[in-house]
Amino acid sequence: MDPEIQKMREVVLVYLDRSGGLQKFVHDCKKYNDSKQSYAVYRFIISINPSDIAELDATLGNYILHNPLQAAQIFQSVCFVAIKTLSLIEQLQTEAQISILLKPTHLPPLPSYVLSLSAYPFNYTSQRFYMSEGIVIAMGTVTKYTQGARFLCTEETCPFAEGRFRCIRVHCPGATESATVRTDFVCSLCSSPLQEDMKFRVLGDKQIVEMIDAKILNALKGYSNDKSHFRIQAFTVFLRDELANKMTIGNHYRIIGIPACVQNGLQATACIEVNSVQLYKPNGPSFVSDNFKYLLSLTSTSRWRFTAILANIFASQVVPPGTYNTLKLAILLSLVQTCEKENADYLDLLIMTSDTLVIDRLLNYSLCLLPRGIRHPPSSEIFPSVSKDKHGTGSASIQACSTVLAKGGICYIGDLCSYKKDKLELLQSVLESRTTTVFIPGKKYGEEADQQVTVSVQTNFWSFVDVDSSSKKHIQKENFLIGQMDVSLIPANLVDGFGLLIYNEFPSCCLCSPVVHQILKKAINPEAMLYKVSQQFRTQDYEEFILFARNLPVELSSEAEALIQGYYLASRRVRRDSIHGSTLSASALKILISLSKAHAKLSLRQTVLEEDAVIAILLLESSLTLKHGTSALCVAPNPIFPFDLSDENSLQQRDIYLMQCHHHLLKFIAAYSPGIHINTNEE
């Protein structure tokens, strides 16, 4: 025996003993032994820390990283000796029956261990461990594959025709089913055909997943400052046994595995046989820019000024400062209210506008402030769909879509009127439940029964309605209430599904001169910085600010909670009719809480105060007025920004106005929801 191999076997035994792997191995053997059943293959998973092994023996560490299949054979021989010496599995006969899967905890943080299909060269023939990462864009259903099988020689006089486990076929990374089980294998002793002993076939679970580099997100944004060009290609990932169903469509994962090339007819597919899966969650910035810190300190005397100035100067690269302030504030609130939690607070926006070009540019620009801002392309599906797996298995594969790729971000779906009735009904269902169901017919995809797979939709939706075009498509109603807009072209339940309905300030027939000026200047010189504030508060500064703010944990104060509940109960009483009852949807309370939390985050606070609740209530009341007309609260058409914010005096006037709104709101609650006790400031 090679002395180097013998030394590595000794090091393996020492490592297993020190790391606790030997104890786990004995426990796994006990489960096999207790079953009293003979298997063609006994499969063991051994966790490997490359750093610890390299410290024990550098040669073995290098062998595991660069020749994992041969390294597994060394572990196999050590495990076989341990089983025989300690009598761990009575049924085990030969070393070939042991299948070892090495699972490295990590790989060295060096470029040579990173595999990317967007970079050349792609070395899929080395059969060593690589680390890769990407987003899951398609997932197949779980099917069966052969882990191992026993074969017997058909020649009766041959020693391999006896009922011993001499001819064992075991699955290797990247191998197809035909490499493990087929009918043309021949005996190595007498060259007679081999025949499988079916009762000893060992089956396992297999799932085929498609992943793609996270750079794809940059290509799916409506607008980007990144002018670089790159190649993007999806790659196939095989999840086997305990890793099946460990991934969720739309999530970002880091994987460690062995690349291979799978031949399917005339086509060759690059794939990775995965050994370990880890959910990837990038850390957000731990700071905001100095300019934002300075602005926050300047506005510390008021709890409304900081967010007002943020909205006023936001997106100055696209629209002039001071324009579309209510819409820009709503966009910022929606941006900071994004995360990948199951029961998150969502904030969807529906905009009624005549300025579709300007609004589209503003929304496209805002998308790029998040890692997952997706503009839905009309040619693709909004929600997940099902297709046949392209790897020849005939099973179903669930394909990702815009809403899944926008997980934890924003999905901008464009003009709502461009979608057909069935898509709008599906969108309404998703807005209400935050899930969508994919139906998989069993007969079509080789399954015994039909399946229904529920996919979580964790994204905020943005959309707009072109007021001019929609008014030409249908006859407008005549019996409007004060403040009400005609939104009858869109189903009422769908409009209610969006958190906020916003009407922008400027009709297309009389665009304000700063907007016209900026459009013309940008047409002549797209790279021009027209405003000094664009240099002080750059797009990158806003990106960092939003990523920092959205990760802030916030809690409702008792005062803010009482104000929100009081307004909600009072509004349900005043907004009702004799036929339909209350016109206030059941989701209004969630929207109020979401708006309040978002305003607190945008103010870089971790506690929701009454001032945050006031902004949330005014935004929602303005939205309800557009849908159903004015109520007893009777807010102004533009309650958040009643004045142009040109100097400190205008900010002071706005503070006084909002305090008056707060006082008026307390009176409204006292009149229509007397059971709610709210502490009022007599001063």
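Cut-off 17 Å, label point 7 angstrom out along Cα-to-Cβ of E425: give me the residues of the range 486-500 whose amide nitrogen falls inside.
490-495
Please report the antiparallel percentage of DSSP beta bridges with both residues in the chain, rounded to the nearest 5. Could the numbers behind the result be given before it?
Numbers: 57 of 86 bridges.
Approximately 65 percent, going by the DSSP bridge assignments.
Could you name the lysines in cross-link range of K444, using Cα to Cα under 22 Å and dropping any fewer than eight places away on the same chain?
K144, K206, K388, K390
For the chain, how big is the tail of P(r) above 41 Å, as a whole percent of Cα pairs?
Details: 101462 of 232903 pairs.
It works out to 44 percent of all Cα pairs.
Heavy atoms only, probe 1.4 Å: what % of the accessible area of the chain goes to carbon and sulfur, would you let me know?
On the way: 16790 of 32470 Å².
Roughly 52 percent of what the probe reaches on the chain is carbon or sulfur.
Would you mind checking the tilt of helix 3-19 against the longest principal axis of the Cα atoms of the chain, expressed as 0 to 90 degrees and rounded to 10?
Roughly 50 degrees, rounded to the nearest 10.
Return one quarter of the surface area of the convex hull spanned by the alpha-carbon atoms of the range 374-478, equal to its mean projected area, in nm². Intermediate results must be reported in sequence, preceding the final value.
Values: hull surface 35.0 nm².
Answer in nm², one decimal: 8.8.
Using r as the Cβ-Cβ distance of A344 and K24, and R0 as 51 Å, what FRET efficiency do you calculate, to the nearest 0.05? Intermediate values should be presented prior to the final figure.
Numbers: r = 38 Å, r/R0 = 0.74.
Computed FRET efficiency for A344 and K24 comes out at 0.85.
In straight Cα distance, which aspartates and glutamates are under 20 Å from K36, not counting same-chain residues fewer than 8 positions off?
Candidates past the 8-residue exclusion: D28, E90, E95, D197.
Quick check on packing: order 255-262, 312-319 by the mean number of other C-beta atoms within 10 Å, highest mean leading.
The packing order, highest mean first, is 312-319, 255-262.
Kindly rank 153-161, 169-177 from highest to lowest mean number of other beta carbons found within 10 Å of each residue.
Answer by packing, highest mean first, reads 169-177, 153-161.
Per residue, what volume in Å³ does the Cα convex hull of the range 1-105 take up? Show your work: numbers first, answer last.
Values: hull volume 9.8 nm³, N = 105.
Cα-based convex hull of the range 1-105, divided per residue, equals 93 Å³.
Between the range 330-382 and the range 286-306, what is the separation of their alpha carbon centroids in Å?
Rounded to whole Å, the Cα centres lie 25 Å apart.
Taking a cut-off of 22 Å between Cα atoms, list the lysines near K601, but don't count ones fewer than 8 places away on the same chain.
Straight-line reach from K601, under 22 Å: K281, K293, K328, K341, K407, K590.
What FRET efficiency comes out for the pair E555/S582, r = Cβ-Cβ distance, R0 = 45 Å, nearest 0.05? Each step should come with its number before you reach the end.
On the way: r = 29 Å, r/R0 = 0.64.
So the FRET efficiency works out to roughly 0.95.
For the chain, report the accessible area per residue in Å² (1.4 Å probe, heavy atoms, rounded to an integer).
Roughly 48 Å² per residue, with all protein chains present.
I'd like the accessible area for R538: 1.4 Å probe, protein heavy atoms, all chains in place, Å² to the nearest 10.
For R538, the solvent-accessible surface is approximately 110 Å².
Specify the angular offset, from 0 to 90 degrees and rounded to the nearest 10, of the alpha carbon long axis of helix 648-672 from the longest principal axis of the alpha carbons in the chain.
So the inclination is approximately 90 degrees.
Just from its helices, what would the mean residue ellipticity at 222 nm be for the chain, if runs of 4 or more DSSP H residues each count -39500 (n - 2.57) and the sum is divided by every residue, rounded to the nearest 500 deg cm²/dmol?
Numbers: 22 runs with 252 residues, N = 683.
Computed mean residue ellipticity for the chain: -11500 deg cm²/dmol.
What is the percent of Cα-Cα separations in the range 109-279 that go past 25 Å? Numbers along the way, then the final one.
Working: 6582 of 14535 pairs.
Result: 45 percent of Cα pairs exceed 25 Å.
With the contact rule set at Cα under 8 Å and sequence spacing of 6 or more, what percent relative contact order holds for the chain?
On the way: 1202 pairs, mean separation 78.0, N = 683.
Once divided by the residue count of the chain, the mean separation gives 11 percent.
On a 0 to 90° scale, report how tilted helix 539-550 is relative to the longest principal axis of the chain, with both axes built from alpha carbons and the result rounded to the nearest 10.
80
Work out, step by step, the length gained on full extension between Q606 and K31: first 0.36 nm times the residue separation, then minus their alpha carbon distance; give nm to one decimal. Provide the component values of the computation, followed by the final result.
Values: separation 575, 0.36 × 575 = 207.00 nm, distance 5.07 nm.
Length gained between Q606 and K31: 201.9 nm.
Using Cα-Cα distances under 8 Å and only pairs 6 or more residues apart, what relative contact order does the range 364-460 have, in percent? Don't skip to the end; give the middle numbers.
Values: 155 pairs, mean separation 27.8, N = 97.
It comes to 29 percent, rounded to a whole number.
At a threshold of 8 angstrom on Cα-Cα distance, excluding pairs fewer than six apart, so keeping six or more, what relative contact order does the range 1-105 reach in percent?
On the way: 109 pairs, mean separation 41.2, N = 105.
RCO, the range 1-105: 39 percent.
The values are calculated or read from the model by the stated rules, or taken from the named source; none is laboratory data. All values reported here derive from a predicted model rather than from experimental measurement. So basically every Cβ, Gly included, is an ideal-geometry build from the backbone, and we count neighbours across all protein chains shown. Just so you know, the surface numbers come from the protein's heavy atoms only, side chains and all, with ligands and any DNA or RNA stripped out. Shrake-Rupley method; radii C 1.70, N 1.55, O 1.52, S 1.80 Å.
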